[in-house]
Amino acid sequence: MSGFDVHDHRHELKQLRDSGATSLWENREEMACPVCEGVFSRLFVTRQTGTTFPENDGARFCLLRDEDAVYLFRH
C-alpha cells in the first residue's frame with residue numbers, strides 16, 4: 001500500500017471544510033479506499049498531532065498514515 005495524496009484525486013472529491021490543519025472531503029465518484037478497496041463516503045485529513053472525534057453512528061472507517069498526514073476514510 002502506498003501513500004495517498006488528496007490533490008491527485010481532487011476531481012473525485014468535493015471539499016466540505018478546511019481549517020488549515022484539518023480538512024473534510026466528500027467522495028463524489030465512488031472512489032475506492034486505498035486501505036480496504038471498498039467505496040468510502042467521507043475523507044478526513046489531519047496534520048495535527050492529536051484530534052478528538054465526536055461520537056459517531058458506528059460506521060466503519062479505515063486509517064492510512066504516511067509521512068505527511070493521517071487519512072480517515074468513513075464508510
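The values are calculated or read from the model by the stated rules, or taken from the named source; none is laboratory data. In this text, all values refer to a predicted model and were calculated from it rather than measured experimentally. No Cβ is skipped: glycine too gets one built from the backbone with ideal geometry, and neighbour counts run over all protein chains shown. In case anyone asks, the SASA skips ligands and DNA or RNA and just uses the protein heavy atoms, side chains included. Shrake-Rupley method; radii C 1.70, N 1.55, O 1.52, S 1.80 Å.
For the reader, a short list of remarks on this structure follows.
- Residues in the chain average 70 Å² of solvent-accessible surface per residue, probe 1.4 Å, ligands and nucleic acids excluded.
- Based on Cα contacts under 8 Å between residues 6+ apart, the chain shows a relative contact order of 27 percent.
- Highest-fluctuation residue, Ala21, Ala32, Ala59 considered, GNM on the chain with Cα pairs under 10 Å: Ala59
- The solvent-accessible area of Glu30, taken with every protein chain present and a 1.4 Å probe, is close to 140 Å².
- Added length on full extension, which subtracts the Cα-Cα distance from 0.36 nm per residue, Glu26 to Thr49: 6.0 nm
- Computed over protein heavy atoms with a 1.4 Å probe, the carbon and sulfur contribution to the accessible area of the chain reaches 45%.
- Cα→Cβ-extended label distance, 7 Å offset, between Val35 and Arg65, nm: 1.2 nm
- Accessible surface ranking for Leu63, Leu72, 1.4 angstrom probe, highest first: Leu63, Leu72.
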